[in-house]
Amino acid sequence: MLSVRKTFIAGNWKMNLSRAESVKLTQALTAAFSADSAVEVAICPPSVYLDAVAAIVRGTSIGLSAQNMYHEASGAFTGEISAAMLTDIGCQYVILGHSERRHILGETNSTVNQKVQAAIKGNLTPIVCLGETLEEREAGSTGTVIEQQFDGSLAGLTSEQVAQIVIAYEPVWAIGTGKVATPDQAEEVHADLRRLLESRYNSSVASNVRIQYGGSVKAENAAALLTQPNIDGALVGGASLQAESFLGIISAAA
Ligand code: PGA
């Protein structure tokens, strides 16, 4: 099947960098990244720096993503941020259901699902994260966990809506640990996800939805992962905090 999926590399800065460092990193990326790149690129700064970063990426081909949002449109939700607020300051994407939010901040498939629905309604592209823990992998339940997270996080969406999302497979044991999944381990889960997209929706959704891999991606291991048939990009944490290493991953993808 001829793939129409454009490789998508996103840099998730998590709760790192100061305002000045965020500005400097963004300037270095916009200066080096060419508009006609075959790779789609987005950066995901902490929410308080989104506005400052938006002013630098505006008019360039680097996209802007938030790391989280709340599903309600507005109201008495202290500390939360809506989809409309994110698009208002120039975001095109939002990461949802990252494992740190699931495991540290208590998000469930059902809260992730509410957010995915609100993001799509609010014209944001959700990057929906899922992945098994080490315990789950060792117990042989990776497939079941992935399927439950997939079904739970995407419940109630139409095929047209699912066609607009990005999925990020991030094995929890590989995040921030330096322990990257082998290309074969990652490809196996990506292929399963592709089959789920086909069986739950249709073949056009399955062939169009991009599935990123995340977990200790670096310039040195990116090419081996990204040349797998069902790996369409990377969600990068630690290696996205420096221009040189993030640009190295983008070059490996191109
Ligand atoms: P890492 O994080 O690249 O630092 O492992 C990946 C992620 O959590 O998205």
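The values are calculated or read from the model by the stated rules, or taken from the named source; none is laboratory data. Everything numeric in this text was worked out from a predicted model, so none of it was measured. Cβ: placed from backbone, ideal geometry, glycine included. Neighbour counts: every protein chain shown. For accessibility, only protein heavy atoms count, side chains too; no ligands or nucleic acids. Shrake-Rupley method; radii C 1.70, N 1.55, O 1.52, S 1.80 Å.
Available extension along the chain between Val4 and Asp184 is 62.6 nm, counting 0.36 nm per residue and deducting the alpha carbon span. When DSSP beta bridges are restricted to pairs lying wholly in region 8-253, around 0% turn out antiparallel. Computed from the Cβ-Cβ distance with R0 of 35 Å, the FRET efficiency linking Ala35 to Ser110 stands at 0.30.
Across region 8-253, the mean sequence separation of Cα contacts (distance under 8 Å, 6 or more residues apart), normalised by length, yields a relative contact order of 19 percent. Mean sequence separation of contacting Cα pairs (under 8 Å, at least six apart), scaled by the length of region 69-127, corresponds to a relative contact order of 43 percent.
Between Ala55, Ala163, Ala234, the residue with the greatest mean-square fluctuation in the GNM of the chain (Cα pairs under 10 Å linked by springs) is Ala55. For Lys14, the lysines whose Cα falls under 21 Å of its own Cα, not counting residues fewer than eight places away in the same chain, are Lys24, Lys115, Lys179, Lys218.
Normalised per residue, the accessible area of region 170-215 is 39 Å², obtained with a 1.4 Å probe and no contribution from ligands, DNA or RNA. Candidate cross-link partners of Lys121 among the lysines, defined by an alpha-carbon separation under 18 Å and a same-chain spacing of 8 or more, are absent. Computed over protein heavy atoms with a 1.4 Å probe, the carbon and sulfur contribution to the accessible area of the chain reaches 51%. Per the Cα gyration tensor, the chain maps to an equivalent ellipsoid with semi-axes of 25, 22, 18 Å, ordered largest to smallest. Considering all different alpha carbon pairs of region 34-97, the Kirkwood hydrodynamic radius works out to 12.4 Å.
Across region 161-254, C-alpha contacts under 8 Å between residues 6 or more apart give a mean separation that, scaled by the residue count, equals a relative contact order of 32 percent.
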